[in-house]
């Protein structure tokens, strides 16, 4: 609607420019960020057994304790922590003891680990949050 009005008012120059910019942003986003969907991953993590979540908690606890980095990419983690090779994620935020599983921009799937040294929470736990504000959050595991 707005583009049509702009087209009528300005003879099309501004409208074509706006459409070109929108197309460029879309292509740039797809090429550099890939698919932003995380629904399959969300389903997978919500259906992990308590035993597998406990093992994941212990593995990530080791990563958080040993790493001196602010964050670790998937490629770095696979090299340094071979036990994480089957774990599908984008990056690990050591400072906030969380893992970016998927998504783009503000719409993300994040797993948080509570009860560790830097955590405010005292109970060992794994929560998963997804979506945009307001985030949906679910506790997957706790000790």
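Taken together, the values in this text are just the output of simple stated rules run on the coordinates, not laboratory data. As the structure is a prediction and not an experimental result, all values here were calculated from the model. Quick reminder, even Gly has a Cβ in these numbers, built from the backbone with ideal geometry, and neighbours come from all protein chains shown.
Look at the Cα gyration tensor of segment 39-142: its axes a ≥ b ≥ c give a/c under 1.5, and that counts as rounded. Paramagnetic label reach from residue 44 (point 7 Å along Cα→Cβ; backbone nitrogen cut-off under 12 Å): within segment 100-131, residues 101-102. One decimal place: the segment residue 138-residue 58 gains 26.9 nm when fully extended, by the rule 0.36 nm per residue minus the C-alpha distance.
Tell me whether segment 60-121 comes out rounded, prolate or oblate; compute the Cα gyration tensor, take square roots of the eigenvalues as a ≥ b ≥ c, and use a/c under 1.5 as the rounded threshold. Verdict is oblate for segment 60-121. A crude spin-label estimate for the pair residue 83 and residue 66, with each label 7 Å from Cα along the Cβ direction, gives 0.8 nm. Here residue 75 and residue 117 are evaluated by their C-beta separation; at R0 = 30 Å the FRET efficiency comes out at 0.70. How high is the relative contact order of segment 39-142, in percent, counting Cα pairs under 8 Å that sit 6 or more residues apart? For segment 39-142, the relative contact order is 19 percent.
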